[in-house]
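Since the structure comes first, as structure tokens, the remarks are kept for the end.
The values are calculated or read from the model by the stated rules, or taken from the named source; none is laboratory data. Bear in mind that the values here come from a model prediction, so they are computed numbers and not experimental data. Cβ atoms come from the backbone with ideal geometry, glycine included; neighbour counts cover every protein chain shown. Just so you know, the surface numbers come from the protein's heavy atoms only, side chains and all, with ligands and any DNA or RNA stripped out. Shrake-Rupley method; radii C 1.70, N 1.55, O 1.52, S 1.80 Å.
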Amino acid sequence: MARVLICDPVDEDAVRAMKDAGHEVVEKTGMSPEELLETVPEFDAMVVRSATKVRKPVLEKAAQGNLKLIVRGGVGLDNIDTDVAAELGIKVDNTPAASSVAVAELAMAHMLACSRYLGPANITMKKGEWNKKAYGKGKELMGSILGLIGYGRISRELARMAGGFEMRVLFYDPYVDEADDAAKVDLETLLGQSDFISLHIPHTKETHYLLDAPQFELMKDGVVIVNCARGGTINEAALLDALNSGKVFAAGLDVFEKEPPGETPLVKHEKVVVTPHIGAGTVAAKKRVGTEVARKVIDFFGKE
Ligand code: NAD
């Protein structure tokens with residue numbers, strides 16, 4: 001029997017599954033860093049989503065106790081010092097596939113919203129305006145080219161969905177050789193040919209500002225940019241310039257260099273549709289994340 005500390009909310013079915021398997025599950029969400037430090041040594045496993053930061057001091061304290069496993073419900077491990085955990089012999093696991101469809105659908109929603117002025121039309125109609133002419137110059141997805149940067153789980157879902165819209169799909173990913181639903185190209189070709197560009201890469205040293213002023217220069221005039229991956233992969237100042245110059249028709253952003261970003265010129269820009277990092281935020285995805293979290297814990301510690 002393991003003692004499992006739930007630090008960020010997970011689906012109640014997942015909590016029940018871990019309890020039914022004989023584990024003691026304690027839900028203590030929203031702890032301050034001090035409370036977390038005090039609490040963590042009493043547990044064998046920690047479950048977190050993105051809110052709880054598991055940095056070196058927490059890991060060192062946890063290692064003085066019994067902690068053997070951290071499960072991150074979701075994909076990115078940016079909130080966990082994974083190198084330190086490995087040095088201390090604490091296994092870190094995540095649930096990468098559970099939210100791919102949800103993120104791909106949000107990227108598709110951003111593409112559609114950007115193409116048809118849904119952001120500004122929604123805001124201005126609520127103010128009593130009727131800008132039929134201004135918002136009547138939209139784009140169609142059908143027949144246009146979608147360029148995917150990164151071709152992992154989320155991109156594959158999006159490529160499949162884009163097929164339904166009869167888009168042609170290109171991808172740039174140095175670590176993937178071929179794909180059924182998309183054609184591999186180099187970054188320059190993708191930038192020069194795509195009508196829509198959607199990012200699905202982690203934020204690393206290598207991908208920091210992958211889209212910066214020189215890359216915007218290479219793009220087609222009137223391109224749509226979507227980022228439902230990670231802030232920092234696009235230089236926001238360069239994106240703002242490209243929106244103001246008309247190079248970029250519109251941008252759909254779920255992630256930001258700083259979160260929450262506040263009322264920045266980019267967030268307030270009329271050609272930008274924003275959502276508050278809700279890519280994985282569907283009821284179905286949360287259920288799948290919960291199921292996966294419970295399975296990881298039960299597989300690791302066993303069942304009574
Ligand atoms: P994945 O690991 O399956 O795919 C990422 C792909 O990026 C891989 O194929 C990898 O080869 C590629 N890649 C790495 N470095 C690259 C580079 N320099 N250039 C081009 N490609 C590169 O990940 P995924 O599950 O598809 O997730 C993609 C991103 O979406 C991650 O950053 C993840 O954190 C983010 N995400 C966001 C949300 C949200 O709420 N908005 C939710 C889940 C995931």
What spacing in nm lies between the two simple spin-label points modelled at Gln193 and Lys220, each 7 Å away from Cα in the Cβ direction? 1.1 nm
Kindly flag which residue pairs out of Lys28/Lys61; Lys220/Lys286; Lys19/Lys91; Lys56/Lys268; Lys19/Lys287; Lys61/Lys287 have an alpha-carbon separation exceeding 26 Å in this structure. Lys220/Lys286; Lys56/Lys268; Lys61/Lys287
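At 0.36 nm per residue, and after removing the present C-alpha to C-alpha distance, how many nm does the segment from Thr275 to Gln64 gain when stretched out fully?
Value of the extension gain: 71.9 nm.
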Ignoring ligands, DNA and RNA, please state the percent of accessible area on the chain from carbon and sulfur, probe 1.4 Å. 52 percent
Just going by the charge dipole of the range 100-274, with Lys and Arg at +1 and Asp and Glu at -1 on Cβ, which of Phe196, Leu118, Ser144 is farthest out on the positive end? Leu118
Report, by chain and number, residues whose modeled amide H sits under 5 Å from the one on Phe171, excluding near sequence neighbours (fewer than 5 apart, same chain). Leu148, Ala183, Lys184, Val185
Name the long-range amide H neighbours of Val248: under 5 Å, sequence gap of 5 or more, or other chain; modelled H, no Pro or chain starts. Gly222, Leu243
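When ligands, DNA and RNA are left out and all protein chains stay put, how many square angstrom of accessible area per residue does the range 1-99 have with a 1.4 Å probe?
Numbers: 4520 Å² over 99 residues.
So the range 1-99 comes to 46 Å² accessible per residue, rounded to a whole number.
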In whole Hz, with x marking every Gly and Pro, tabulate ³J(HN,Hα) for the range 145-159 from phi via Karplus 6.51 cos²θ - 1.76 cosθ + 1.60, θ = phi - 60°. 9, 9, x, 9, 9, x, 10, x, 4, 5, 4, 4, 4, 5, 4
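With every protein chain left in place, what is the accessible area per residue of the range 118-269 in square angstrom, probe 1.4 Å?
Details: 7880 Å² over 152 residues.
Computed with neighbouring chains in place, this is 52 Å² per residue.
Anything over 20 Å Cα to Cα? Flag those among Lys127/Lys271; Lys205/Lys258; Lys68/Lys258; Lys68/Lys303, in the order listed. The partial results should precede the final answer.
Values: Lys127/Lys271 17 Å; Lys205/Lys258 17 Å; Lys68/Lys258 31 Å; Lys68/Lys303 16 Å.
Table pairs above 20 Å Cα-Cα are Lys68/Lys258.
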For the chain, with only Lys/Arg (+1) and Asp/Glu (-1) charged at the beta-carbon, what is the dipole magnitude about the Cα centre, in debye rounded to 20? 860 debye
Amide H contacts under 5 Å for Ile80, restricted to residues at least 5 apart in sequence or on another chain and with H modeled in the peptide plane, are Val54
Among Ala182, Phe300, Val58 - extreme Cα towards positive end, dipole of the chain, charges at beta-carbon: Ala182
At Ala237 and Val26, where each label point lies 7 Å from the Cα along Cα→Cβ, what is the point-to-point distance in nanometres? 4.7 nm
What list of ³J(HN,Hα) values in whole Hz, one per residue of the range 50-59 in order, does the Karplus curve 6.51 cos²θ - 1.76 cosθ + 1.60 (θ = phi - 60°) give from phi, with Gly and Pro shown as x? 9, 6, 6, 9, 10, 9, 3, x, 5, 5
Shape descriptors of the chain over alpha-carbon atoms, Rg and Dmax in angstrom, are 21.4, 66
Calculate how steeply helix 100-115 sits against the longest principal axis of the alpha-carbon atoms of the chain, using the helix alpha-carbon long axis, and give the answer as 0 to 90 degrees to the nearest 10. 20 degrees
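Given R₀ = 45 Å, FRET efficiency for Lys133-Glu263 by Cβ-Cβ distance, to 0.05?
E between Lys133 and Glu263, to the nearest 0.05, is 0.95.
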For the range 288-304, just list the computed ³J(HN,Hα) in residue order, Karplus coefficients 6.51, -1.76 and 1.60, θ = phi - 60°, integers in Hz, with x standing in for Gly and Pro. 5, 4, x, 4, 5, 4, 4, 4, 5, 5, 5, 4, 6, 9, x, 10, 7
Work out the FRET efficiency for Lys184 and Thr82 from their Cβ-Cβ distance, taking R0 = 35 Å, and round it to the nearest 0.05. 0.75
